[in-house]
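Comments concern the structure below.
Throughout, read-outs are computed from the coordinates displayed, never taken from laboratory work. Note that the structure is predicted; figures quoted are calculated from it, not measured. We place every Cβ from the backbone using ideal geometry, glycine too, and count neighbours over all the protein chains shown.
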Amino acid sequence: MYYERLKNIYKSRDLQKLFPDILISEFDMFIRKQLKDNNKYINPYKFSYQQNISINDTVKFFIYFTGNDGLFDLLYYFDCSNLACVDTRIYLNSDDPDEIISCEECGKRYAPKTIQKYIKVLFKIKNFIIIPEQRTIERKDPNSTFEAIGELPPNLKIESPSSLGESSQFIDEGDEASAAVDLSLVFSENDDYKGKPISTAIERFKRICLSMEEE
Ligand SMILES: [Zn+2]
């Protein structure tokens, strides 16, 4: 199901054309590597760095993989402002973002309007999506020997020293926090380059936030 979803989104949303620099195999490999490294969240900054594309384009690309038929759930959170509970994340219900939220640890209550600019967003692989260890291989060359034997060429193996080297600077950065992007970035990139929202759920959330600001 994982790879089918990945492939369907690439095809149906015409991603190869919109993001010619991002091959489906590269994205697939990236997701697998992140999970293999026990990262709960898929880090757009890391992908942006590896692919040498802007964080804006990366977030836009990631948004295509959200939604019911997608791979990612979006988690919205902010940190409690009480210094005593600095690591306490307060998650928002994006279906009902205008409810009053309180910190579980100190009980501090927050009005949704006041916390919007502190909201961060995480991309998490949907719980029910299992990614099989055996990688599905799609090669451009139909006569590829590697496809025939169902294995990756040695230099493309996920654990290759070069790919580890490239990502090493991210390892000690507190993966969860560094995987989060600003809500405003998600809002601004939820646009298919033609003025239409990529994700209707994000668009709905954005409208609620905007209407709160106007109150
Ligand atoms: Zn608190």
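Remarks
- Filtered chymotrypsin sites (Phe, Trp or Tyr not before Pro), the range 83-128: DSSP coil and at most 15 other beta carbons within 10 Å: Phe128
- Shape call, the range 67-119: gyration tensor on alpha carbons, a/c limit 1.5: prolate
- For the range 1-48: rounded, prolate or oblate by the Cα gyration tensor [a/c cutoff 1.5]: oblate
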